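J.: Dropping a structure here in structure tokens format, bear with me for questions.
The values are calculated or read from the model by the stated rules, or taken from the named source; none is laboratory data. These figures come from a predicted structure and were not determined experimentally. For neighbour counting, all protein chains shown are included, and Cβ atoms are generated from backbone atoms with ideal geometry for every residue, glycine included. Heads up: the accessible areas ignore ligands, DNA and RNA and are worked out on the full protein's heavy atoms, side chains in. Shrake-Rupley method; radii C 1.70, N 1.55, O 1.52, S 1.80 Å.
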Amino acid sequence: MKGSMKHFFIKGFLLVSIAFLQACGGSSDEKIYTISTDISNANFSNEIFQQSTQSIAVQVTFEGDGILVGFPPEQDPVPWLAYRAENVTDNSATIFIEVINEERLRADTYASKLRIAVSNDNGEKFASKDIDVSLLVWQLTPTTAKLNYSATLGDASVASQQFDIISENNQWAASSDVDWLSLDVTSGTGNGTITVTANTQEFIASGIKQGNIILTEVTSGDSKVLPVDLALDNIYYQADTPVIALTKTTNIEALEKTLNISNNSEHVYPWQASTEADWLTLTIIDDNKLHITADSSLTQTNAVNTAEIIITSIDENAVYSENVIVNFYHSDLVVENKIIEPTSIDDSAIVTSPALPVFYTAAENTLRKYHQYTGELENTLIVSPEGTLLEQLIIHPRGDYILAKALETITNDDETTTEVVHRYRINLADNTITELLDADILYEPTDIVRLSSRYFVITQTLEYANEALQVQFWDSANAYFASDIDVAKQRNNIFALNYSTATINRYTTQVNDFGEQSILTTLTHEYHPESLADDQFINNFVIADDEKHLYTISETTEWSTFDGTSFIDQGLLEATAGIVTLQLEKNQSNQPHFLRINTTNLDGFYVDIYDEQQNISATIQTEGNQPSSMKISSDGQRLILNANAADPLVTDRIELVTLTP
């Protein structure tokens, strides 16, 4: 048992000897006093700032009337040493020596001495044995508590990591207890730096691989471990979209789509595509492209025909398959432009389905579903409490559900009010509503993104949350409010607009099913177009799925190229005087759509659609009112404009405009 050492040798002499003399009786003048111990040195070692559990037992045999323990007169007491006696008999005892207060000592070597003695009551007969006691307080403090590596199964390598050792001139050795970890430095004295490399090629299965780096203080032989985790992610095939919308009406036709097929590993794994739908033709173009064609003559008319395409590995079972849903809307309808009025909705309260020919709006506390071609209201669903306003609609990339928010003001008993935030997940297949009660995001969600075949919710400050809105990763130290976010789907990279600095920031992502953090991002570029003055801003942007083309709304540039290393400002696509660009969106084929008005004439608002060579492929006139937001249907054939006019004399409405010239 530990306790503070507060007694000197003389004090110990009096207390212990009295007790022992009372136990043993008087002494004989003829007795010869002797004492012996099984050790003469007690050496302790302890890591700095840590409490010790060490105890050294000294076996003592003696001839005399009692046993005495303490510091000899020539030795000053020390605050780090304690002792106690147990198993005392007439001629033997066990003395336990322990260190105390060691967690308060700085790294150094400390020395002291204990004396064990026998004597009679007047000190005329005396025998003693000294025990030299030393305490080494050592420091081998790594600058990290753990090393975490994240890679994908099959990757040739993963970036090495470094950590520093902080030490007060201790001699140390470093090693690993697994053969897949190697260290560039294995010994040293004092401070040091070690680079650790994890070999990813030894493994044939995904999951967490665990090992330790062992740091040993050479003098004492004491050691400590630095844990290491290598998280090897599963391999997933990924199409650049998980759902395809095709359309055939009397005057609209969108029967083809080319998918880009990749995986989240650095290797190319051969794949094959199959479907049970006889109305789909699948053609593999090259190692990473699949062309899909629908035959309308084999499908049901005036219905949505659904099929599934399965992407599987030819010879590598470790790769997870990709399932792509195809929805084909086949109708004999003659599609015309439509106006839905009066309809007053917020710009954040309208979303288009990526899977079906419908769009959704929030009105008061309800979610409304409209057909994008007929303009008919198909369903109204009450979501939030009466008197609240449903807002911030965000639809899942597969079209499975919508996230929404509503604020409810509750009047308390004392007539004060409390504002309650409700967050909902609305299942679009069966209209069930789930309130997300365990969300811990701090800021408002803006997007649901698909990265390496997994889904994350991103907030306005680039928090990355799971689908229950629980934060998985956030670089809070470098956070800012992103006014716009887009994904380069073929590269799994995130682009975010920092409006205050007029920069578009590019982030690479690392997703891992087994890592301590399911997603990590790295800022690689902060792009400010060369032609843009310091007092000018970027209002909106879209990035191509292969990230080679960046389109923006700004005073001096609308198009930039990116080669994987550098951005090049290509200037304006439309430089005609009097033309103002208001909105920008892209379709599933990565064609930018610029909503513009020519202020020099009365032609009204129109949309310029650009091809891959940045030439205008079509110009589409709208229905006249000024739009506050623009959406493109998933089949690329319909424009949904929220003409929420600032003029109170103009009726708010939704305009549905066909994009086929």
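J.: Relative contact order for the chain: what percent, with Cα pairs under 8 Å and sequence separation of 6 or more?
T.: Reported relative contact order: 8 percent.
J.: Enter the mean projected area of the convex hull around the alpha-carbon atoms of segment 200-341, in nm², rounded to one decimal.
T.: Here the figure is 15.0 nm², rounded to one decimal.
J.: Related question: Can you bin segment 296-373 into rounded, prolate or oblate? Criterion: square roots of the alpha carbon gyration tensor eigenvalues sorted a ≥ b ≥ c, rounded for a/c under 1.5, prolate for a/b above b/c, oblate for the rest.
T.: It comes out oblate by the Cα gyration axes.
J.: Would you kindly derive the ³J(HN,Hα) couplings of segment 557-569 from the backbone phi angles with the Karplus curve 6.51 cos²θ - 1.76 cosθ + 1.60 (θ = phi - 60°), listing them in order in whole Hz, with x for Gly and Pro?
T.: Once rounded to whole Hz, the list reads 8, 10, 8, 9, 10, 9, 9, x, 10, 10, 8, 10, 6.
J.: What net charge do the residues around ASN169 carry, taking every other residue with its C-beta under 13 Å from that of ASN169, with Lys and Arg at +1 and Asp and Glu at -1?
T.: Cβ neighbours under 13 Å give a net charge of -2.
J.: Moving to a separate point now. Once neighbouring chains are kept in place and the probe is 1.4 Å, which whole percent of the accessible area of the chain is contributed by carbon and sulfur?
T.: Carbon and sulfur atoms account for 46 percent of the accessible area of the chain.
J.: So how many Å³ per residue does the convex hull of the Cα atoms of segment 73-180 work out to?
T.: Measuring per residue, one finds 191 Å³ for the Cα hull of segment 73-180.
J.: Which is farthest toward the positive dipole end of segment 326-399 among SER384, ASN365, HIS330, measuring Cα position about the Cα centre, with Cβ charges +1 (Lys, Arg) and -1 (Asp, Glu)?
T.: In segment 326-399, that residue is HIS330.
J.: Give me the one-decimal nm value for the distance between modelled label points at TYR507 and ASP130, 7 Å along each residue's Cα-to-Cβ direction.
T.: 6.7
J.: Next question, about the same structure. Give the shape of segment 350-463 as rounded, prolate or oblate, defined through the alpha-carbon gyration tensor: a ≥ b ≥ c are the square roots of its eigenvalues, a/c under 1.5 means rounded, and otherwise the shape is prolate if a/b is larger than b/c and oblate if not.
T.: oblate
J.: GLN238's amide H: which non-local residues (gap 5+, or another chain) put their own amide H closer than 5 Å, with H modeled 1.01 Å from N in plane and none for Pro or chain starts?
T.: For GLN238, whose amide H was placed from the backbone, the distant partners under 5 Å are SER262, ASN263.
J.: Specify the inter-centroid distance of segment 75-98 and segment 103-155, based on alpha-carbon positions, in whole Å.
T.: Between the Cα centres of segment 75-98 and segment 103-155 lies a distance of 16 Å.
J.: Out of residues 5 or more away from GLU63 or on other chains, whose amide H comes under 5 Å of its own, with H placed 1.01 Å from N in the peptide plane?
T.: Hits under the 5 Å cutoff: THR34, ILE35.
J.: Further, regarding this structure: Per-residue HN-Hα couplings for segment 370-381, Karplus 6.51 cos²θ - 1.76 cosθ + 1.60 at θ = phi - 60°, whole Hz, x for Gly and Pro?
T.: 10, 7, 6, 9, 8, x, 6, 7, 8, 6, 10, 10
J.: List every residue whose amide H lies under 5 Å from the amide H of LEU584, counting only residues 5 or more places away in sequence or on a different chain, with H placed 1.01 Å from N in the peptide plane.
T.: It is LEU595, by chain and number.
J.: Turning to a different aspect of this structure: From the Cα trace of segment 130-280, what convex hull volume per residue do you get, rounded to a whole Å³?
T.: Once divided by residue count, the hull of segment 130-280 is 151 Å³.
J.: Give the residue from LEU595, TYR464, ASN260 lying farthest towards the positive end of the charge dipole for the chain; charges sit on Cβ (+1 for Lys and Arg, -1 for Asp and Glu) and the dipole is referred to the Cα centre.
T.: The residue sitting farthest along the positive end of the dipole is TYR464.
J.: Assuming 0.36 nm per residue, please report the length gained on full extension of the stretch ALA303 to LEU333 beyond their Cα-Cα distance.
T.: Taking ALA303 through LEU333 to full extension adds about 9.7 nm, to one decimal.
J.: Once the piece of chain linking THR283 and SER92 is laid out straight, how much longer is it, given 0.36 nm per residue of separation minus the C-alpha distance between them?
T.: 59.5 nm
J.: How about LYS248: which lysines have a C-alpha closer than 17 Å to its C-alpha, ignoring those fewer than 8 places off in the same chain?
T.: LYS257
J.: Per residue, how much accessible surface does the chain expose to a 1.4 Å probe? Answer in Å², no decimals.
T.: 46
J.: So what's the net charge close to ASP130: Lys and Arg +1, Asp and Glu -1, counting the other residues with Cβ under 9 Å from its Cβ?
T.: It works out to a net charge of +2.
J.: What 222 nm value per residue comes from the helices of the chain, counting each DSSP H run with n ≥ 4 as -39,500 (n - 2.57) and dividing by all residues, nearest 500 deg cm²/dmol?
T.: It lands at -1000 deg cm²/dmol.
J.: Let me ask something else. With 21 Å as the cut-off, how large is the P(r) tail for segment 464-534, expressed as percent of Cα-Cα pairs?
T.: 30
J.: Here is a further query. Given points 7 Å out from each Cα along the Cα-Cβ axis, report the THR416 to LEU649 separation in nanometres with one decimal.
T.: Using points 7 Å along Cα→Cβ, the separation is 4.7 nm.
J.: How many angstrom lie between the C-alpha centres of segment 522-568 and segment 340-373?
T.: About 31 Å separates the Cα centre of segment 522-568 from the one of segment 340-373.
J.: For the chain, what is the charge dipole size about the Cα centre, in debye to the nearest 20, if Lys and Arg each add +1 at the Cβ and Asp and Glu each add -1 at the Cβ?
T.: In debye, rounded to 20, the chain gives about 1240.
J.: Can you pick out the pairs among LYS146/LYS224; LYS338/LYS489; LYS369/LYS489 whose Cα atoms lie more than 21 Å from each other?
T.: Correct reply: LYS338/LYS489; LYS369/LYS489.
J.: Compute the signed sum of charges (Lys and Arg +1, Asp and Glu -1) over the other residues within less than 15 Å, Cβ to Cβ, of SER313.
T.: With Lys, Arg at +1 and Asp, Glu at -1, the net is -4.
J.: Related question: Show me the trypsin sites (Lys or Arg not before Pro) within segment 45-141 that DSSP assigns to loop and that have at most 13 other Cβ atoms within 10 Å of their Cβ.
T.: For trypsin sites (Lys or Arg not before Pro) across segment 45-141 that sit outside H, G, I, E and B with at most 13 neighbouring Cβ atoms in 10 Å, the list reads ARG106.
J.: What are the ³J(HN,Hα) values, in whole Hz, obtained from phi via the Karplus relation 6.51 cos²θ - 1.76 cosθ + 1.60 with θ = phi - 60°, for each residue of segment 447-457 in sequence order, with x given for Gly and Pro?
T.: Karplus-based 3J(HN,Hα) across segment 447-457 equals 8, 10, 10, 10, 10, 6, 6, 10, 10, 9, 9 Hz.
J.: On to the next question. What is the Å³ per residue value for the convex hull set by the Cα atoms of segment 260-310?
T.: 83
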